[in-house]
Each structure stands twice: as structure tokens, then as C-alpha cells.
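Input: a single structure, listed below in C-alpha cells.
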Amino acid sequence: MAASAGRPSRLRLWLRGLLGGHARALVGALGRLYRAPLPSLLTAGVIGIALALPTGFLLLLSNVGTLAGGWEGGPRISVFIHKDIRAERYTALADELRRDGEIAETTLITPEQALAEFRNGSGFDDALALLEDNPLPAVIVVQPRPELAPEQIEALAERLRGLKEAELVQLDRAWIQRLHTLMELLRRGIWVVAGLLAVAVVLVVGNTIRLDFLSRREEIVIVKLLGGTDAFIRRPFLYEGLWYGVGGALLAAVLVEAARLLLAGPAQELAALYGSGFSLGGLGLSGFCNLLFIGAALGLLGSWLAVGRHLASIEPR
Amino acid sequence: MIRFENVSKRYPNGFEALHGVTLSIGQGEMVFVTGHSGAGKSTLLRLIPLLERPTSGQVLVAKTNLARFTRRRIPQLRRRIGMIFQDFRLLYDRSVFDNVALPLVIDGLPHAEIQRRVRAALDKVGLLAKEQAYPVTLSGGEQQRVGIARAVVSRPPILIADEPTGNLDPGLSEEIMRLFQDFNRVGVTVVIASHDLDLIGRLGHRVLTLEKGRLIDDWPGRNG
């Protein structure tokens, strides 16, 4: 009876002891950092800046992506119609093309629509009023089927060039492609920098923990004498590294958000000038959680490496 | 409880601290190890909690050969051995309570249990009133009593003390030794290294004498 009742309660006791030990180490590590606020803040600050830089750049890039997304939706082919083609003909042509197997959609922009749009967008209102007749041609915007390969799109454009109604056929793809290639290049560049800065965070945390570890040599010796396991000795340092990482990530979030607020006003004004309702997006909850997670993981890794290297070198004499 | 079988210890610098020592200490015994400085007293004691490993021969504690304890398992051994040092080895940035609680914290005991046991241990050494004090504010004798409370708080079956009274005056020394006798009376095996022959003689326990690393005398004590 006593034995059967004793086993689970011992397990629970052990579990409670383990959890209690972790809670103690967690809070204890925070307390140690709090007792030396300036060095702790400096370390967290370095980590914060190292994390804020790539975070900020990635955020900027994702904003540019959103902005470019407005023009996305695959390449488009603009077919400019000869001036002397009559309206009935090009309307019919737009319908014919829509039925083409390689074409997903066509949009007809009549000279009147083009003029109206130009008037609204450009501010050349007065100058345009001076013109006697509309100088703008009709345009059929052709959207190729999304499954077409670039060469097939090229071939389609070539076929459209053969139409006798077409004065000029333009494939509006090059600049979007260039933008995307450029953005991809930038993204890679930022990831390389982010990787280097992550290494820097690990080294900063590692060095801070190393100094702290070595300065507590006597305490570690005594704990080893009393039968403390490596895990027990390592635990408070791991939590210290965790706190550094989390603190740095919080600081990075604040820095990025502050930068965004500083830039949000001008960005919106600029977007308004281009007739766009675009506004700078922030980190969001998931971005914030990712940042926090990455900070914590780097902090843990740094302290793990630092403590692991020195744990065996400190032995009771 | 503790057996040495033909144990030798040679340090890397070539100094031979122990030479072919064979001895046996029974459960619940109280034994003094004596000899001149450099005779090997400290080395003998340090082999028991694996602060050193013998160069040859075997050390057994509670019938377990210590050679079987890998580095990772040493903590298990040390938790069953209370250690007391000449220089006390206290944490000077922690209160008396925290110092004594450390072995229990390492063991992962619940908070309430820790409080109960630390108070009991401090009461035993007569320092209950000083639990919130810091070690630097205490006298040498008091600091050593904190060290003893820390060694016994987890109720280990073995206590080893290396010159526990080396830094204390005679009156305090006797007081400390009486404390060890109290623990021995409740069944704890106690091994003390000391060169205070006068005091050892008065207490009348078994005495092992070392000279140049060899066991040259084993006096069974007045009752043995």
C-alpha cells in the first residue's frame, strides 16, 4: 500500500523539484541581470541592433514586394491599334482574341478611356484641353494564359505583331522581371547579412556568458563539490542567454517599429503622389513572434556553446 | 563503508602522495586520519568523493568500486558524501540560509521541504538566529558550523572533513569535534583528517596514521 502510493508521489515530487529548479533558474537569471543593469542593457542593446538590421531590411523588402504585387499578375501584352481602324473593328478584334486558346483575358482601352485616365493621372488637364482631337490610340491589353512559358509568350507577342490592325505590340514584362530579379538579389544579400549578424549575436552572448561563467568559478567549484550535475550548473547560464536573446529581440522590435513610424508618414505621402493607397506594413504578430523566437534561440545557442566549452575545465581542487 | 585496496596516488609532477594503502572503515565508524603535512591525509580523503582518482588500486564506497563512476555519474556519489573543508568553501554573496540550502536545491527538493531541513540543520549547529546573515559577518567557528550544516543537511551517510579545525582556536576546535561526534552517534560514518593529536587523543576514536604516503599505524581507539 505504502509502496504503491509512494511511487507516483515520488515521481510528482521529482517533477515538481525539476520544474521548481527551472523556475528558480529562470527567475534567478533575470534577477542577476537586473542587479547589473548597465552591462546587461549594453549586451541586450548590441543584440537588439544586430537583430533589428536584418529585420528592418526584410520588412522593407516585403513592403516593396506588396507594392510591386499591385502590378503583378503575370506579363501583359499591349496591342496598340492603328489610328484609322474604326471602333467596331477593334471591339470585335478584342472579342476574337479573347477566344484565342493562348489568351486568358483581353481588356479594351478605348481612346476616350485612355484620355480620361491620362487626364486624371497626369495633371496635364489644361494642355490636353488645347488638343482638337484625341491623339491616343486604342489599346487591347492581352493577358496570356498563366501556364504559358516565357518563350510561348514571346511567340504569342510575335503572332499579335502579325495582325494588320496592330501598330505596335509591347510585352510589358521586362521591367517587372528586372524588379523581381533585383528584389531576389537584395533578399539573398539581406539573408547573408542576417546570417553574419546571427553569428555575431551568438558570439556576443557567448562572450558575455563566458565572462560571467569564469567570474563565478568558485561558486561552480562548490556546486560540483556538493554533487551538482553539469545540467544543474549549466541551467542558470542558459536562462541568462535566453534572457539576453529575448531582451535583444524586444529591443529590435522597438527599433524596427520606431523606424517604421518615422518612415510611415513620408512613405504614405509618396504613395499618394503615385495615386496608391499603399502604407508601410509593420512586423505583425507572427513577425514579432518569429523575431522573439530567433532571439531566444540565438541566445540559448551562444550560452550553450560558451558554457559547454568551459564546464569541464572547472574542477574542484 | 569505505575500503582502500592497495591504493597508490602519484601526481603528474611525480610526487607520490599515497603508496599501497589498504584500509577499511565500517559503517557508523568515526575515524581520524593523521600525519605530518604532506603525509597524504588530504589525498586519502580526496579519493573518496573522487576529487582525485587513484593511480593504482581500488577505492570502494558502500561496496561500489569508484572506478565505475564516470565523470557524468560523479554527482551521484558526491550527493551521498558530506564534505567539510579547512577554508569552509562558503558562497560569500549568499546568506547563511542559501548556503546551507544549496545541496537541497541541487537535489531539487520542494521549497517547503528545503526550509524545514535547513532550519533543522542550522538549529543543530546553533546558528538558527543567523540564517539571514552573510558568512563574512560570522566568526571562523560560526562559518565552519555553516559548512557543517551544509554538509549534513542532505543527510548523507558519510561525512569527510579535511582539517576542519585547522583555522580555529582550541576551544572552538573541541566544540566542532563534538558536533561531529553527535552526527556519528546517529549512524553517520565520519572521516576527519587532522594533525591536532592532542584533541584526537582526548576524543578516543580510531586513528589512522600516515607517513610519506604509507599507512604506518592503525590505533583502534579506546572503545575499539
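Read-outs throughout are calculated quantities, based only on the coordinates presented, and are distinct from any laboratory measurement. Fair warning: this is a prediction, and the values are worked out from it, not measured in the lab. Don't worry about glycine lacking a Cβ; one is built from the backbone with ideal geometry, like all the others, and counts go over all protein chains shown.
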- prompt: Which value, in Å³ per residue, describes the convex hull spanned by the Cα atoms of segment A:77-172?
  reply: 96 Å³
message: For a quick check: sort B:137, A:107, B:209 by the number of other beta carbons within 10 angstrom, fewest at the front.
response: B:137, A:107, B:209
field: Qualifying aspartates and glutamates (Cα of each under 13 Å from Cα of residue B:212; at least 8 residues distant if same chain)
entry: B:16
field: Cleavage-rule hits (GluC sites (Glu not before Pro)) in segment A:125-165: DSSP loop, at most 10 neighbouring Cβ within 10 angstrom
entry: A:132, A:147
message: For residue B:214, what residues show an amide H to amide H distance below 5 Å, using hydrogens built from the backbone and excluding near sequence neighbours?
response: B:19
Spin-label model distance (nm) - residue A:10 vs residue A:258, 7 Å beyond Cα toward Cβ: 5.6 nm
- prompt: Pick from B:14, B:147, B:126: which residue has the top mean-square fluctuation in a GNM of chain B where Cα pairs under 10 Å get a spring?
  reply: B:14
field: Part-to-part distance (alpha-carbon centres) for segment A:221-274 and segment A:177-211, which is given in Å
entry: 16 Å
task: Using θ = phi - 60° and the Karplus relation 6.51 cos²θ - 1.76 cosθ + 1.60, list the HN-Hα couplings for segment A:241-257 in order, rounded to whole Hz, with x at every Gly or Pro.
output: x, 4, 4, 4, x, 5, x, x, 5, 4, 4, 4, 4, 5, 4, 5, 5
- prompt: Contour minus end-to-end for residue A:269 and residue A:183, with contour as 0.36 nm per residue of separation and end-to-end as the Cα-Cα distance?
  reply: 28.7 nm
- request: Evaluate the charge dipole of the protein assembly as shown about its Cα centre and quote only its size in Debye, nearest 20, assuming +1 on the Cβ of each Lys and Arg and -1 on the Cβ of each Asp and Glu.
  value: 3900 debye
- line: Between the Cα axis of helix A:174-215 and the main Cα principal axis of chain A, the angle (0 to 90°, nearest 10) is 10 degrees
- request: Tabulate in residue order the Karplus-calculated ³J(HN,Hα) for segment A:307-312, using 6.51 cos²θ - 1.76 cosθ + 1.60 with θ = phi - 60°, rounded to whole Hz; enter x for Gly and Pro.
  value: 5, x, 5, 9, 4, 6
- request: For an R0 of 56 angstrom, estimate the FRET efficiency from the Cβ-Cβ distance between residue A:119 and residue A:38 and round to the nearest 0.05.
  value: 0.35
Computed magnitude of the charge dipole of segment A:143-283 (debye, nearest 20; Cβ of K, R +1, Cβ of D, E -1): 400 debye
- request: Identify the trypsin sites (Lys or Arg not before Pro) of segment A:127-205 meeting these criteria: DSSP loop state and at most 11 other C-beta atoms within 10 Å of the C-beta.
  value: A:164
message: What lysines does residue A:164 reach when the alpha-carbon gap must be under 24 Å and sequence neighbours fewer than 8 apart in one chain are set aside?
response: A:83
query: Which loop trypsin sites (Lys or Arg not before Pro) in segment B:49-97, with loop taken from DSSP, have no more than 11 other Cβ atoms within 10 angstrom of their Cβ?
result: B:63
query: Working from the pairwise distances between different alpha carbons, so that the mean of 1/r is found and then inverted, what is segment B:91-154's Kirkwood radius in Å?
result: 11.3 Å
message: Beyond a 24 Å Cα-Cα separation, which of these cross-linked pairs lie in this structure: A:224/B:9; A:224/B:41; B:63/B:124; B:41/B:63; B:41/B:130?
response: B:63/B:124; B:41/B:130
query: Taking amide H positions as placed 1.01 Å from N in the peptide plane, with prolines and chain starts having none, which residues 5 or more places from residue B:161, or on another chain, fall under 5 Å of its amide H?
result: B:84, B:191, B:192, B:193
